[in-house]
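What follows is a short report on a single structure.
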Amino acid sequence: MSEVFTNNFVVFVLAMFIGFEVISKVPAILHTPLMSGSNAISGITIVGAVVIAGLHRGVWSDVLGFLAVTFAMINVVGGYTVTDRMLAMFKSK
Amino acid sequence: MTGTMTLLGAATMPATAPVAAAVGGAQWVRLGITFAYLVSAALFIFGLKMMSHPRTARRGNRLSAIGMLIAIVVTLGDKDIVSWYVIAAGLIVGAVIGAFLAIRVKMTGMPQMVGMLNGFGGLASATVALAEFLRVYFDKQHDPRVDTLIAIAFSALIGMVTFTGSMIAFGKLEGWKVRGVPLSNPFLLPSHHLLSVILLLACVAVGVVVTRDYQHALWAIIVLNVLAAVLGVMVVVPIGGADMPVVISLLNSYSGLAAMTTGFALDNYCLIISGSLVGASGIILTRIMCQAMNRSLLNVVAGGFGQEITAAGATTAGDRTVRSMDAEEAAMVLEAAQKVFIIPGYGMAVAQAQHAVAELADLLRKRGVDVRFGIHPVAGRMPGHMNVLLAEANVPYDLLSDLELNSEMEQCDVALVIGANDVVNPDARRQGSQIYGMPIFDVDKARTVMVCKRSLNPGFAGIENELFFMPNTVMLFGDAKKMVTSIVSELKNR
């Protein structure tokens, strides 16, 4: 196993722990915004998509890059917007 | 120095030797990119942390969005990027579609929306994985590491399963029908689960080909995508509508895990961290949903549960008596109460009764009645479904409670059940019952129970509800919206 993989794996395990720690404190009333908001975060894959779209190595990279950026961007913009809309509705007495 | 190099290489330079480019300015650019990604990841974590209270949640979400913006902008500085047109086109088209969907969607359509967004997240990861494969496939100079290829295969598998699974979930939630049969009904082929397992094994086999002999595996990565797409359909199709909260949570977790594996393929810490956070979030929600039904994940995923029983009078009351009331009498009883707990269920969403219910709660509160909402974790079609609907109807979140309400149930004068069934079924306390052990609202302990329901049909679990026949229960037969609206106008006329 390469050193890079080992580093990746360490980061992964620690991030899972942080995730469990932080998210178990989210109250049930916010579970839907939590899902849509975390869903927007999973759009982080856009980082990989942008690099592909900028490679310009042939039709494959242009087409796949465009599709990947588009899908991920739908995820990001849609996710954050819809979460903001929902959270704006939660009001106190 | 070597330490820093590894960190840099790991974060920004997939499949290239870090030493080659380590001269002057380029090194600082890469260092900057790495730290910016770290800032993004930290903002995601802070954002999620602020989700722990409705007061701070909105700011948390915006913080998280800023983190995403930073990540995108910084990536534009990647040394491999030579052309901007495709990036710009994708960003604009995606942003327009995403904003359009998000602004237009109604709160009642939120489960579908979340399902669809999960799907796009998975599809994006699968597409990036495919492109990464082609990148190493066409690059004859450098051999990719084995773990990179393994990550690509996993990313394709999880991403495609998430995509097609989410599309099926979307169809089920949207109420689509296939040849007159609701898609939300559980659907099982002969030896369905065996077929699914064989498909999964086939995916693994093809995945091994991808990692072992990538230079001749162009066909294999395509076959892997196709098999995974079919697998996604197979996995979600047998699961009934009532189990959707589990499916949506599970797919949410998959969309994160797909991003996480893509991070392994690209050696990008930011993707690994963010993907893991989402994965963890989905896993926690899945666990909460399963516990709330006292069923194992395997039991839910096996499916076949939650066939909607639509035939009127599928079970009869027999010779037992059921007390019923009209709106006027119900209004009188509610007015005289001091403590009223409202237990909403999916039926409230179907009847679109949330605004009427909110108005009723408001009227009663103005008359000094202590009104609280009891929301079961699995009420509705996704985690937190009822809370969003009631928040939209301007119910203050301080009134929204969960199963904790049981501790005050004995002091409750009226428990008003609207469109909920299994979550208030006292049968869950009887050993040997099909739903034994499922945490429920003990509404039968309230002085009076009002159940607003169309008929005596059993719920999704298909078992009769003893609650309806109890001496302290009165039925309010009819459409939830109409019934609650009539109670509201009765109260206003007093």
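The values are calculated or read from the model by the stated rules, or taken from the named source; none is laboratory data. Keep in mind that this is a model prediction, so the values were computed, not measured. Counting neighbours? That spans all protein chains shown, and the Cβs are built from the backbone with ideal geometry, glycine included.
Quick notes on this one:
- Residues located in region A:47-69, provided they are part of a helix (DSSP H, G or I), touching a Phe, Trp or Tyr at 6+ places or on another chain (Cβ under 9 Å) and either among the charged types (D, E, K, R) or over 13 Å from B:Trp84 (Cα atoms) (or both): A:Val47, A:Trp60, A:Asp62
- Listed by position, the helices (runs of 4 or more DSSP H) enclosed by region B:316-367 that each have at least 2 residues that are of a type in the set (A, V, I, L, M) and at pLDDT below 95 are B:327-336, B:346-350.
- Some residue of region B:211-223 being among the acidic types (Asp, Glu), more than 12 Å from chain A (Cβ to nearest Cβ) and free of Cβ contacts under 8 Å to residues at least 40 places away in the same chain: yes
- Qualifying positions in region B:32-46 - of a type in the set (Gly, Ala, Ser) and either within 8 Å of chain A (Cβ to nearest Cβ) or in contact (Cβ under 8 Å) with a residue 60 or more places away in the chain (or both): B:Ser40, B:Ala41
- Evaluation of B:Gly77 against (1) at the interface with chain A (Cβ under 7 Å from one of its Cβ atoms); (2) of a type in the set (Gly, Ala, Ser); (3) assigned to a loop (DSSP other than H, G, I, E, B); (4) more than 22 Å from the chain's Cα centre (by Cα) (one fails), failing number: (1)
- Every residue from region B:264-276 that is within 7 Å of another protein chain (Cβ to nearest Cβ) and touching a residue at least 24 places away in the same chain (Cβ under 8 Å): B:Phe264, B:Leu266, B:Asp267, B:Asn268, B:Tyr269, B:Cys270, B:Ile273, B:Ser274
- Criterion: out of contact with any Asp or Glu (no Cβ under 8 Å at 6 or more places or on another chain), hydrophobic (A, V, I, L, M, F, W, C) and in contact (Cβ under 8 Å) with a residue 12 or more places away in the chain - qualifying residue of A:Phe9, A:Phe90, A:Phe20: A:Phe90
- Of the residues in region A:16-29, at least one is among the basic types (Lys, Arg) and not in a helix (DSSP H, G or I).
- Filtering region B:238-259 to residues that are touching a Pro at 6+ places or on another chain (Cβ under 8 Å) and either within 14 Å of chain A (Cβ to nearest Cβ) or among the aliphatic types (A, V, I, L, M) (or both) leaves B:Ile239, B:Met244, B:Pro245, B:Ile248, B:Ser249.
- Flag if A:Val10 is closer than 18 Å to B:Ala41 by Cβ, more than 7 Å from chain B (Cβ to nearest Cβ) and at pLDDT 95 or above: yes
- Among the residues of region B:109-135, just one is under 16 Å from A:Asp84 (Cα atoms) and β-branched (Val, Ile, Thr), namely B:Val114.
- Condition broken by B:Glu490, with the remaining ones in (1) under 29 Å from the mean Cα position of the chain (by Cα); (2) under 19 Å from B:Leu364 (Cα atoms); (3) acidic (Asp, Glu) satisfied: (1)
- From B:Leu456, B:Leu399, B:Leu390, residue being surrounded by fewer than 24 Cβ atoms within 10 Å (Cβ to Cβ), at negative phi, touching a residue at least 24 places away in the same chain (Cβ under 8 Å) and within 14 Å of chain A (Cβ to nearest Cβ): B:Leu399
- Per the listing B:Ile103, B:Ile150, B:Ile92, B:Ile97, the residue uniquely part of a helix (DSSP H, G or I), surrounded by fewer than 24 Cβ atoms within 10 Å (Cβ to Cβ) and in contact (Cβ under 8 Å) with a residue 12 or more places away in the chain is B:Ile150.
- Condition check for B:Ser83: hydroxyl-bearing (Ser, Thr, Tyr) and outside any helix (DSSP H, G or I): yes
- Output for region B:47-64, where each listed residue is in a helix (DSSP H, G or I), surrounded by 18 or more Cβ atoms within 10 Å (Cβ to Cβ) and without any contact (Cβ under 8 Å) to a residue 12 or more places away in the chain: B:Lys49, B:Ala57, B:Arg58
- B:Gly241 meets the conditions (1) in contact with a strand residue (DSSP E or B) (Cβ under 9 Å, 6 or more places away or on another chain); (2) surrounded by fewer than 17 Cβ atoms within 10 Å (Cβ to Cβ); (3) in contact (Cβ under 8 Å) with a residue 40 or more places away in the chain in every case but one. The failed one is (2).
- Check on B:Thr162, in contact with a Phe, Trp or Tyr (Cβ under 7 Å, 6 or more places away or on another chain) and either within 30 Å of A:Leu55 (Cβ to Cβ) or touching a residue at least 60 places away in the same chain (Cβ under 8 Å) (or both): yes
- Here region B:365-379 is the region considered, the condition is being more than 9 Å from chain A (Cβ to nearest Cβ) and closer than 23 Å to B:Ser253 by Cα, and the residue that is nearest to the chain's Cα centre (by Cα) is B:Val378.
- Count of region B:168-203 residues, restricted to those that are over 30 Å from B:Tyr214 (Cα atoms) and assigned to a helix (DSSP H, G or I), is 9.
- Residue within region B:426-442 that is outside the structural domain of B:Val247 (by TED's automatic domain parsing), surrounded by fewer than 19 Cβ atoms within 10 Å (Cβ to Cβ), among the charged types (D, E, K, R) and part of a helix (DSSP H, G or I) present: yes
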